[in-house]
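Undergrad: Could you have a look at this structure, given as structure tokens, before my questions?
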């Protein structure tokens with residue numbers, strides 16, 4: 001309440017009234033939403049969580065927290081998960097979501113072709129969608145929340161460039177099937193190559209990429225052995241996803257030392273590899289925040305009718321053995337190692 005006492009500049013008064021109006025706008029909508037008892041149904045489509053500490057458990061945690069907070073406003077969230085090794089599982093879950101006709105969708109566009117087909121259907125049915133983790137340009141998305149994968153790859157390349165000799169040989173390893181169809185690992189690889197391409201053509205000749213699909217899991221050591229034998233000494237290894245701990249295990253069992261190792265994501269196994277010094281750098285993001293913010297963005301847009309920002313890039317953190325303990329989930333009291 002503003003009392004008409006004394007002299008107030010008309011322009012200042014108008015600004016104050018506008019602020020008060022905006023502050024009252026959200027409570028009024030929330031009150032009417034509570035009173036209406038209407039149900040708002042959102043859908044989430046993300047990769048499955050093959051084991052408790054896997055990367056996608058973290059966005060799922062953020063999604064679950066947002067669901068609990070918004071439940072009082074009639075928001076229900078149906079979570080659908082697909083296999084990272086099977087694009088057809090993505091298609092099947094996408095069809096289920098379309099049949100359920102949600103008001104909004106949170107989507108990890110993991111498989112590029114299948115995601116584009118799903119997005120076309122969402123646009124056709126006028127269902128707003130939010131991308132998390134990776135992005136597809138020109139897709140008419142409501143917004144994207146996540147790390148810039150291309151820049152992440154550029155950063156990894158620069159870390160190698162600063163810490164290895166100029167003639168160093170670097171092996172890029174992608175765990176997964178069909179790299180050309182996997183969105184963010186491919187963007188990371190492109191960023192990595194782009195950095196060295198901007199240096200000299202000779203730099204690119206020292207870069208080698210291999211893919212290890214799920215069918216190769218039992219003998220991926222021999223695949224890496226064969227590649228290293230072919231290209232000679234390897235000075236650095238870059239893993240484009242969260243499975244860098246598997247290369248750390250390989251280096252220990254093969255007693256290979258003095259190889260710079262860089263990967264992604266602060267999951268428990270990777271943190272342990274940082275602690276024992278096998279992994280040198282982890283390039284990390286804030287996956288819990290991405291999951292939470294994605295659901296909140298749908299709520300803000302659909303229920304509160306608020307404008308949202310199209311691109312919401314999260315931080316690109318460099319985590320090392322020296323600063324690991326300052327990340328709350330891996331401090332000494334929770335981590336349990338020296």
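Since every read-out is calculated from the coordinates, none of them should be taken as a lab result. Only a predicted model underlies this, so the values are computations on that prediction, with no experimental measurement involved. Cβ atoms come from the backbone with ideal geometry, glycine included; neighbour counts cover every protein chain shown.
Undergrad: Let me know the shape class of segment 38-176, please: from the alpha-carbon gyration tensor, a ≥ b ≥ c as square roots of the eigenvalues, rounded when a/c is under 1.5, otherwise prolate if a/b is greater than b/c, or oblate.
TA: Details: a/c = 2.17, a/b = 1.90, b/c = 1.14.
In terms of gyration-tensor shape, prolate.
Undergrad: Can you order the peptides 68-81, 122-135 by their average number of other Cβ atoms within 10 Å per residue, highest first?
TA: Highest to lowest by the protection proxy: 122-135, 68-81.
Undergrad: If each residue of separation counts as 0.36 nm, what is the full-extension length gain between residue 258 and residue 83 once their alpha-carbon separation is subtracted? Each step should come with its number before you reach the end.
TA: On the way: separation 175, 0.36 × 175 = 63.00 nm, distance 3.50 nm.
Residue separation times 0.36 nm, minus the Cα-Cα distance, leaves 59.5 nm.
Undergrad: Hey, if you drop one equal point scatterer on each alpha-carbon of segment 107-186 and run the Debye formula without solvent, what base-10 log of I(q)/I(0) do you get at q = 0.21, 0.27 Å⁻¹?
TA: Result of the Debye calculation: -0.97, -1.29.
Undergrad: Quickly rank 235-246, 254-265 as a protection proxy: mean count of other C-beta atoms within 10 Å, highest first. Spell out each step's value before the answer.
TA: On the way: 235-246: 23.8, 254-265: 17.7.
The packing order, highest mean first, is 235-246, 254-265.
Undergrad: Here's a follow-up. With no solvent and one equal point scatterer per Cα, compute the Debye intensity ratio I(q)/I(0) for segment 257-328 at 0.14, 0.23, 0.24 Å⁻¹ and report its log10, rounded to two decimals.
TA: -0.56, -0.96, -1.02
Undergrad: At a Förster radius of 30 Å, what calculated FRET efficiency corresponds to the Cβ-Cβ distance of residue 101 and residue 65, to the nearest 0.05?
TA: Values: r = 25 Å, r/R0 = 0.85.
With a Förster radius of 30 Å, E is 0.75.
Undergrad: Cut-off 14 Å, label point 7 angstrom out along Cα-to-Cβ of residue 231: give me the residues of segment 249-269 whose amide nitrogen falls inside.
TA: Output list for this probe position: 259-262.
Undergrad: How would segment 230-274 be classified by its alpha-carbon gyration tensor: rounded, prolate or oblate, with rounded meaning a/c under 1.5 and the a/b versus b/c comparison settling the rest? Could you put the intermediate results ahead of the total?
TA: Details: a/c = 2.36, a/b = 1.60, b/c = 1.48.
Verdict is prolate for segment 230-274.
Undergrad: With a Förster radius of 41 Å, plug the Cβ-Cβ distance of residue 268 and residue 117 into 1/(1 + (r/R0)^6) and report the FRET value to the nearest 0.05.
TA: Using R0 = 41 Å, I get an efficiency of 0.70.
Undergrad: While we're on this one: For segment 41-116 and segment 182-199, what is the centre-to-centre distance using only Cα atoms, to the nearest Å?
TA: If you average the Cα positions of each part, the centres end up 27 Å apart.
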